Amino acid sequence: MDSTTPWLVNMAKNVITVRNVSKSFGKVQAVRNLSFQVESGTCFGLLGPNGAGKTTMMKMIYAKCTREKDSDDTLEIFGYDPIHEELAIKYLSGVVPQENNLDEELNVVQNLMIYSKFYSLSAKVARERIDNLLGFLELSEKRRSKIKELSGGMKRRLVVARALLNEPKLLILDEPTTGLDPQVRHLIWDKLRQLRSQGTTILLTTHYMEEAFQLCDTVLIMHKGEKVMQDTPQNLLKENIETFVLELPAGDLARTIRGEGLPSQIRVERFEGTTRLYCDSFDELKAVTTRIEGSQYYLRQSNLEDVFLKATGRALNDKQ
Amino acid sequence: MTSSSERPYPPLRKRLFSVWYRHVRVYTKNGFSNALPPFLEPLLFLAGVGLGLGRYITESMEGLAYLEFLGTGLLVTTSMFTAAFECTFGTFIRLEFEKVYDGMLAAPITVNNLIVGEIIWAGSKGLFFSFAVLCILSVFGVISFADGLMAPLVGFLTGLMFGALSLLVTSFVKTINHFNFYFTGFISPMFFFSGVVFPVSNLPKFVRPFAEIVPLTHSVRLARSMCTGRYQISLLLDLLYVAFFILVVGLLAIRRLRRRLVS
């Protein structure tokens, strides 16, 4: 590709620019005034419960879904608006949809060959890339296998390989590892990190907090179509939640503990029978556990899931 | 790569070709089981209806022996059936069950490219099926291979017509069983009343205009005259009808199906 192609010029910093973008399906507003930017070469995660609007936002980016046109909204990918230039965007991007949609009638290599035509790759280039990609995703031994013979993890890796056929500058993944076993999940994470280090920009949706934490430079938490918060995973943790959590599964333990009063720096949250005590100091929480010696409790470092539950308002805050 | 630096993606013809290529590869994957029926079906039909029933039909139809009359009609009914099946059940399964289109639309093709590619594929199948009938007809000496060589082109056009129409029908269908109405209510009657098994002129007077409205009648007329070399100026009207039908129904199908493919 020559250096005068517009995406190179436009790419400068942000690969994706989303400003005031909305989308409704009938009366349901799936995405509401969403704004964010994805910098070139970074991994950006859309995080949220089912129905938060993550997939809709993604589909608007590759024109599978059309946004509600508004006078002051902006949606640009490599400087292209999906409403007018969907082909340019799709040519520069690879998409891993939520569902594996492989051609069951064909084998592994044939599935990829068909897609190489969509990018007008010559047969020679296509064969080379397919060999490399199957190697990269550890599927070389399965090249002649039928799709039915593949495990869920292999199918997922094949869909990722398919998305990489045209050496995309932007890789879009909708829940890349949902339903996969830990080995495959770590393998896919590893490959995604390699791609990012080679300069590929990655946009992914997930509801696995660990996935977001492992991969993303920036995480945007969505709830009911809106942005709740956005930051690096580390900052989200640091600024939104105390460092440690004490989880008490049984209600009577919570009563025992609270009966004796709690230091003011401990925040208490109760949700469906489980009580959680948050505090920046490990020692404070440890001291509290002496009151329930011998009972079941779980004292751990807080994680992105705690932030997420707090942000999306699942838990009832006891102080409210 | 395109010469214009504004377009870093494949040109239209390559995009349409890639959709068509996908269907060809999937179809030829089961080469034997897919290629045999188009040859077997006309064989059975000629044997059962033509030889069996045909022995009792001594009267010529539009100046043709019955086998010739029926055979030249079968050249396009086979295209009709294959295109109709492909773009109803086939399309619906790709759309709703296999989600094949979701994957394809993530590649650099538009919804319009996808649907037009689908119609061209239906036309290609029509061409192939029509060619298979031609082979059988010429093997049994019903018509000569050389005379019928233009007929598969009509098969292609018939495939385009019924591909477009069936996609339009599919755009309305919510469950796969609804296609039964289309086949029993529209496709099958057309087989019997479009001048395939007996001339349209034998239909009651008030029914004849209906026969002129439906697409198959025009395909049959075109195919039959191509095979017999009896051309009339009125064939231009048939050709015009076919072109108009493909264009209008094709555009409607694109408009309607688009809503199911892009939200």
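Nothing in this text is a laboratory measurement; each read-out follows from the coordinates by a stated rule. Quick caveat: nothing in here was measured; it's all calculated off a predicted structure. FYI the Cβ positions are ideal-geometry reconstructions off the backbone, even for glycines, and counts take in every protein chain you see.
Numbers below:
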read-out	value
Rg to Rh, two decimals, where chain B supplies the alpha carbon set and Rh follows Kirkwood	1.00
Cα centroid separation, segment A:54-84 to segment B:140-194 (Å)	39
Among A:Ala254, A:Ala30, A:Ala287: highest mean-square fluctuation, GNM of chain A, C-alpha pairs under 10 Å	A:Ala287
Aspartates and glutamates with Cα under 15 Å of A:Lys227, excluding same-chain neighbours fewer than 8 positions away	none
Links that overshoot a 23 Å alpha carbon limit, given the list A:Lys155/A:Lys191; A:Lys69/B:Lys14; A:Lys23/A:Lys64	A:Lys69/B:Lys14
Gyration tensor verdict on segment A:242-301 (Cα atoms; rounded if a/c is under 1.5, prolate if a/b is larger than b/c, oblate otherwise)	rounded
Hydrodynamic radius (Kirkwood) for segment A:6-231, which is based on Cα pairs only, to one decimal in Å	17.9
Cα-based Kirkwood hydrodynamic radius, segment B:48-151, one decimal, Å	16.0
Span-like helix ranges in chain B, DSSP H, alpha carbon extent 18 angstrom or more, Kyte mean at least 0.5	B:66-85, B:111-139, B:151-172, B:235-261
Global form of segment A:17-114, assessed from the alpha-carbon gyration tensor, a/c cut-off 1.5	prolate
Proxy reagent accessibility, fewest Cβ within 10 Å first, across A:Cys279, B:Cys135	B:Cys135, A:Cys279
Ranked B:His178, A:His207, criterion: other C-beta atoms within 10 Å, fewest first	B:His178, A:His207
Cut-off 11 Å between beta-carbons: net charge of the residues surrounding A:Lys117, Lys and Arg +1, Asp and Glu -1	+4
Degrees between helix A:182-197 axis and first principal axis of chain A (Cα, 0 to 90, nearest 10)	60
Two-decimal Rg/Rh across the protein assembly as shown, once Rg and the Kirkwood Rh are taken from alpha-carbon atoms	1.12
C-alpha center-to-center spacing [segment B:121-136, segment A:153-207] in angstrom	42
Greater than 20 Å apart at Cα, pairs in A:Lys117/B:Lys174; A:Lys146/B:Lys29; A:Lys59/B:Lys99; A:Lys27/A:Lys54; A:Lys90/B:Lys125	A:Lys117/B:Lys174; A:Lys90/B:Lys125
Residue-averaged [θ]222 nm for the protein assembly as shown, counting only DSSP H segments that reach four residues, each worth -39500 (n - 2.57)	-15000 deg cm²/dmol
Residue of A:Arg270, A:Arg156, A:Arg185 that the Gaussian network model of chain A assigns the largest fluctuation, springs spanning Cα pairs under 10 Å	A:Arg270
Most mobile of A:Leu47, A:Leu253, A:Leu164 in a GNM of chain A (Cα contacts under 10 Å)	A:Leu253
Segment A:227-248 residues near the modelled A:Leu262 label - backbone nitrogen below 14 Å, point 7 Å along Cα→Cβ	A:242-248
Acute angle (nearest 10 degrees) that the helix A:123-136 long axis makes with the longest principal axis of chain A, alpha-carbon atoms	20
Exposed-loop-free span, longest in chain B, where GluC sites (Glu not before Pro) count as exposed if DSSP calls them loop and at most 14 other C-beta atoms lie within 10 Å	B:60-263
Exposure proxy ranking, count of Cβ atoms within 10 Å, fewest first, for B:Lys29, A:Lys155	B:Lys29, A:Lys155
Equivalent-ellipsoid semi-axes of segment A:160-227, from the Cα gyration tensor, Å, largest first	20, 15, 11
